[in-house]
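Asks: Below are the structure tokens for one structure; questions will follow.
The values are calculated or read from the model by the stated rules, or taken from the named source; none is laboratory data. These numbers come from a predicted model, not from an experiment. Cβ placement follows ideal geometry from the backbone for every residue including glycine, while neighbour counts extend to all protein chains displayed. When the accessible area is computed, the model is the full protein with side chains, heavy atoms only, and any ligands, DNA or RNA have been set aside. Shrake-Rupley method; radii C 1.70, N 1.55, O 1.52, S 1.80 Å.
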Amino acid sequence: MAKILITESVHPIGPELLTAAGHTVVYADRDMDVIRREIVDADAVLVRIIELPGSLLATAKNLKIVSKHGVGYDNIDLDYCKSHGVAVTITPNANSLSVAEHAFTLMLTLAKNIIPVSNEYREIHAPGIEMTGKTLGLIGMGRIGKHVLHMCKDGLDMHVIVYDPYISEIPEGVEKVDDLSELLRRADVVTLHCLLTDETRKLIDRERLALMKPTALLINCARGPIVDEAALIEALENGRLAGAGLDVTDPEPVAPDSPLFKLPNVIVTPHYAPTTVESATRVSKIAAENINAVLAGQEPVGRIV
């Protein structure tokens, strides 16, 4: 049958499905030497966040599908895949709830000063803030954004402002704005749930950070390069922003000496938002099923190329 290259660790249910279909599974465990060697005769690649540029994909003469473990595909050269007839699939909605819950948790943990208060139990007396009734600025209303919207609107009675140029309909009681600057000026919390594209790279830069309230929080569970990290650190250090919850950074992983680790008003997690038992199972299963479908001449879910 076919040879499947899995670039990074995934829940075992996916590889088990591939093996049960008669395919040979090769694990690279993030080792680029292994990836470069094994991709040459691979029929399919199951990838998480490892970069797959066209120069690497061009060495894979048998490649029929790149199956993304997740929904963000900025690490895959789509132009190469389109021009060479290589299918690219994602796993829609498989990890949306887990990421939304993580963003929601980061927001409340920052708002309540949970980490510094817990770490310095006897000394810290800084008051937290209530999120109920505050204004949420939601940038990107895809599947994850919709989950966050409902958690904040229905769970905390927050007023939700949405900026997303690619949607036309929004839920009742939600406000859509066409001007990102307006959202940034008004929001008490800004949470990012858009794809990383040329358009969104450094979308939150020094000028846009300056528009935010000094009491505001920034949550990023999308992609690190959407935020100008140097400008963010500067704003946090100078008190122009109250706090940031980051599950993604630029680069990843964060450098050990990064100021982000030293700032008391920052929470950094290692691209951990999708890491739940339920999400890991769903994503691995769908990513494998997409490979099986394409190799069997069937239509996969979440096909983008």
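Asks: If one computes the Cα centroid of segment 145-168 and of segment 204-251, what distance in Å separates the two points?
Replies: Cα centroid to Cα centroid, the span is 20 Å.
Asks: Take each of the peptides 272-280, 172-180, average the number of other beta-carbon atoms within 10 Å over its residues, and list them starting from the highest.
Replies: 272-280, 172-180
Asks: Given contacts defined as C-alpha pairs under 8 Å and at least six residues apart, what's the relative contact order of segment 225-285, whole-number percent?
Replies: 33 percent
Asks: Once the other residues with Cβ under 10 Å from the Cβ of Leu295 are scored (Lys, Arg +1; Asp, Glu -1), what is the net sum?
Replies: 0
Asks: Using a 10 Å cut-off on Cβ atoms, rank the peptides 86-92, 71-77 from the highest mean neighbour count down.
Replies: Put in order of decreasing packing, that is 86-92, 71-77.
Asks: On the accessible surface of segment 59-198, probed at 1.4 Å, how many percent belong to carbon and sulfur atoms?
Replies: Answer for segment 59-198 is 49 percent, counting heavy atoms of protein chains only.
Asks: Which order, highest average first, do 16-25, 226-235 follow once you tally other Cβ atoms within 10 Å for each residue and take the mean per peptide?
Replies: So the order, starting with the most tightly packed, is 226-235, 16-25.
Asks: To make sure I understand the rule: partners must be aspartates and glutamates, Cα under 13 Å from the Cα of Lys61, and not fewer than 8 residues away in the same chain. Which ones qualify?
Replies: Glu38, Asp41, Asp43
Asks: Taking the Cα atoms only, what angle lies between the long axis of helix 143-156 and the longest principal axis of the chain, rounded to 10 degrees?
Replies: Computed tilt is about 30 degrees.
Asks: Hey, what angle do you get for helix 277-295 against the long axis of the chain, alpha-carbon based, 0 to 90 degrees rounded to 10?
Replies: Roughly 30 degrees, rounded to the nearest 10.
Asks: Which of Ala235, Cys221, Met131 sits closest to the plus end of the dipole of the chain, meaning its Cα is farthest towards the positive end, when Lys and Arg get +1 and Asp and Glu get -1 on the C-beta?
Replies: Cys221
Asks: Among bridges DSSP assigns within the chain, what percent are antiparallel (round to 5)?
Replies: 5 percent
Asks: For the chain, with every protein chain kept in place, what is the accessible area per residue (1.4 Å probe, Å²)?
Replies: With all protein chains present, the chain gives 47 Å² per residue.
Asks: Taking K and R as +1 and D and E as -1, what net charge do the other residues with C-beta under 11 Å from the C-beta of Thr215 add up to?
Replies: +2
Asks: Can you flag which of Lys213/Lys262; Lys134/Lys262; Lys176/Lys285; Lys82/Lys146; Lys153/Lys202; Lys68/Lys146 are past 24 Å Cα-Cα?
Replies: Correct reply: Lys134/Lys262; Lys176/Lys285; Lys82/Lys146; Lys153/Lys202.
Asks: Cβ under 11 Å from Val162's Cβ, Val162 left aside: what net charge do those residues give with Lys, Arg +1 and Asp, Glu -1?
Replies: -1
Asks: First check a/c for segment 152-298, with a ≥ b ≥ c the square roots of the eigenvalues of its C-alpha gyration tensor; if it is under 1.5, answer rounded, and if not, answer prolate when a/b is larger than b/c or oblate otherwise.
Replies: oblate
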